[in-house]
Protein chains: 2
Amino acid sequence: MRQRHPWAAVDVVIFRVDGRALEALLVKIKHGPFRGRWAFPGGLVVLGEALDEAARRELFEKTPIHDVYLEQLFTFGDPDRNPARHVVSTTYFALLPASAAAPRAGTKYAEAGWFNVKRLPVLAYDHNRIAAVALERLRAKIAYTNVAYGLLPRAFTLGELQRVYEVIPGRPLDRRNFRRKILETGLIKPLHRYRRGAHRPAALYAFRERRLAAARRIFRWSDLG
Amino acid sequence: MRQRHPWAAVDVVIFRVDGRALEALLVKIKHGPFRGRWAFPGGLVVLGEALDEAARRELFEKTPIHDVYLEQLFTFGDPDRNPARHVVSTTYFALLPASAAAPRAGTKYAEAGWFNVKRLPVLAYDHNRIAAVALERLRAKIAYTNVAYGLLPRAFTLGELQRVYEVIPGRPLDRRNFRRKILETGLIKPLHRYRRGAHRPAALYAFRERRLAAARRIFRWSDLG
DNA sequence: GCAAAAGTGTTGAGATTACACCCATGC
DNA sequence: GCATGGGTGTAATCTCAACACTTTTGC
């Protein structure tokens, strides 16, 4: 019974919305056949470690913040996705508020940086496929859940929220309709505080719950195409 | 670098709609700590084998038909889900038409049989959790895709189709509204043939495409619970 | 003739979209 | 005073849900 089987690994796609762009965190690989190529952070699961733990470990190595939205995405297991050995990788996606700490490369990778998801380079392994799946999932999910909370700080203006809801599907929304609909969902609540800035002060809101909740749809059907 | 890591495995939840019940295929385990308990068929992934291949292999051992709808569900990786060794299992769900061949136990299992998903026994491993996730996914997916094709023969009546759409969420639908909506989606096409039976002959239909396609929603929001 | 499933339209309520003007602030 | 983003309401259209009676067949 001394058979060999593929090992389990995790990879994590970390998203943030910076200004008007959706970005993902990439790391530059130091060793092996993909040396010098960008990839999503990841690694083998340690014996006795739960999958989510492994994903959180990889995530924490890059950005030392807790209270991160983390969701399992898909498992990729083609034998040739990793030329070194057959590895079955379960991918996760994580959402960070734009304000979160800068990424650190750690000892494992040469560099780390944020990339606009619209202009990702050719990645190592099958990671461009992973990127596509992650983006698709995020787009689908923002339309009928409160996942957006993961991309925003505790308090935010409706304008900031709308920008998240526009950047991810990549199309503009009517401001009046957006405000009405998002308030009707009950996902967010007014804080009765105001943010002063360069212009008219904006009312601050917070998500009622900072864990996944379903809601009625915010986009129309045709917006999901 | 002679580290040990969890192995990859697959488990497959096979559904069918038999008359008025949604059923899943269970096998009885022959050996090990869960001997005598029911579980979904599954096993370790062989080195060099793609995940889907492994799932298809497990599926084919039970019901020798091709052209089966198969979709990856979720990956479970808690270290204690299998007391023997840390195994990370990627689960799949498969859909069979009711007419499909009877299940065979094979050599690996003591027995195989169909169980109403509403009355599943206590299963081995974390398989009751898997059942819950599979059911949730199937319910969500039938509402906005043509997955139902996997549960029906090539040609079917609108009555048969409606029964599938009622059994899975577990609530009745208005016949007139159902027929109008399902025809509006364009997912199915009339065959201009009729099935004769005990009663008035019914027009036969077929799915326009026998691969996953999205459609506008067939249920109302509140029907998704 | 009767039991059982097939077939067929309309109406009211609610949801969705499109759309334009004034307000508060910093500079 | 002007540029920038914040704030607000209404009307037309579309979608959704509710609902009942007739038809065709096998027995």
Work out the mean other chain Cβ neighbour count within 10 Å for the residues of A:4-16 and drop it here as an integer. 5
Using only C-alpha atoms and all pairs of different ones, pull out the Kirkwood radius for segment A:1-90 in Å with one decimal. 14.5
Of all C-alpha pairs within chain B, those more than 31 angstrom apart amount in percent to 26
So, counting K/R as plus one and D/E as minus one, what does the shell of residues with Cβ under 10 Å around B:Trp38 add up to? +1
Could you list, bin by bin from short to long, the percent of Cα-Cα pairs of the protein assembly as shown in 10 Å steps? 4, 18, 26, 25, 18, 7, 1, 0
Cα principal axis extents for segment A:57-157, largest first, Å: 47, 34, 26
Paired Rg and Dmax values of segment A:147-224, which use every Cα atom, in angstrom: 12.5, 36
Which aspartates and glutamates does A:Lys141 reach when only Cα atoms under 15 Å apart count, and residues fewer than 8 places away in its own chain are ignored? A:Glu71, A:Glu166, A:Asp223
Every other copy gets compared here: list the nm distances from the A:Arg216 label point (7 Å along Cα to Cβ) to its counterparts, shortest first, one decimal. 1.7
Summing +1 for each Lys or Arg and -1 for each Asp or Glu, what net charge is found among the other residues whose Cβ lies under 13 Å from the Cβ of B:Pro103? 0
Rounded to 5, percent antiparallel among DSSP beta bridges of segment B:7-141: 70
I want the antiparallel fraction of DSSP beta bridges within chain B, as a percent rounded to 5. 75
Among all stretches of chain B without exposed trypsin sites (Lys or Arg not before Pro) (DSSP loop, at most 10 other Cβ atoms within 10 Å), which one is longest? B:21-195
GNM result for chain A, Cα springs below 10 Å: residue of A:Leu151, A:Leu22, A:Leu204 fluctuating most strongly: A:Leu204
Antiparallel versus total DSSP beta bridges in the protein assembly as shown: what percent is that, nearest 5? 75
Sequence-distant lysines (8 or more away, or on other chains) whose Cα lies within less than 22 Å of A:Lys108: A:Lys28, A:Lys30, A:Lys62
Gyration tensor over alpha-carbon atoms, segment B:29-79, equivalent ellipsoid semi-axes in Å: 21, 16, 11
Considering chain A as a Gaussian network with a 10 Å cut-off on Cα pairs, which listed residue, A:Thr107, A:Thr63, A:Thr75, attains the greatest mean-square fluctuation? A:Thr107
If you take each beta carbon of peptide A:75-88 and count the beta carbons of other chains within 10 angstrom, what is the mean? 5
What does the structure give for A:45-52 when I average, per residue, the other chain Cβ atoms found within 10 Å of the residue Cβ? 6
So, in nm and shortest first, the distances from B:Asp18 to its counterparts in the other copies, with label points 7 Å along Cα→Cβ, work out as 5.7
Furthest towards positive pole of dipole, B:Tyr125, B:Leu183, B:Gly170, structure part chain B, Cβ charges: B:Leu183
Provide the net charge surrounding A:Leu47, with neighbours chosen by a C-beta distance below 10 Å and charges set as Lys +1, Arg +1, Asp -1, Glu -1. +1
Taking a point 7 Å out from Cα toward Cβ as the label site, list the nm distances between B:Ala101 and the same residue in every other copy, smallest first. 5.8
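Read the figures in this text as sums done on the coordinates, not as results from a lab. Treat the numbers as computed from the prediction; the structure is a model and nothing was measured. Don't worry about glycine lacking a Cβ; one is built from the backbone with ideal geometry, like all the others, and counts go over all protein chains shown.
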